[in-house]
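The values are calculated or read from the model by the stated rules, or taken from the named source; none is laboratory data. As the structure is a computational prediction, the values presented were derived from the model and not from experiment. For neighbour counting, all protein chains shown are included, and Cβ atoms are generated from backbone atoms with ideal geometry for every residue, glycine included.
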Amino acid sequence: MLDLPHIIPLAEYCRCLRAEGRGTVPEFDPRDGGVAAKVLFLMEKPGPVTDDNGLTGRIGSGGAVCLTTRLSHNVGGWPSNGP
């Protein structure tokens, strides 16, 4: 699904970050609105399950915001060791 038109630029951005050695970068969820999204949700990376394996690491539904309106992504390429 990462080859869908609304997600291709974001998937390429993730690939570039990985190629530059910027750490682990999970994919954007292609079920979201992609480049046409109106709202960006940034969440803490849930852990190593999202390390460069093609998974988005989505945890939660994003509430009442329509999937095509939002774009969710996990930030932080390292585990959290505190609150």
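Applying the selection to the stretch 1-43, what residues are in contact (Cβ under 8 Å) with a residue 40 or more places away in the chain, among the charged types (D, E, K, R) and within 15 Å of Leu71 (Cβ to Cβ)?
Within the stretch 1-43, Asp29, Asp32 qualify.
Working only within the stretch 4-32, note down all residues that are at pLDDT below 90 and among the small types (Gly, Ala, Ser).
Gly21, Gly23, listed by residue number.
Answer yes or no: is there a residue in the stretch 34-55 that is modelled with pLDDT of 60 or more, part of a loop (DSSP other than H, G, I, E, B), under 22 Å from Asp3 (Cβ atoms) and not charged (D, E, K, R).
Looking through the stretch 34-55, at least one residue is modelled with pLDDT of 60 or more, part of a loop (DSSP other than H, G, I, E, B), under 22 Å from Asp3 (Cβ atoms) and not charged (D, E, K, R).
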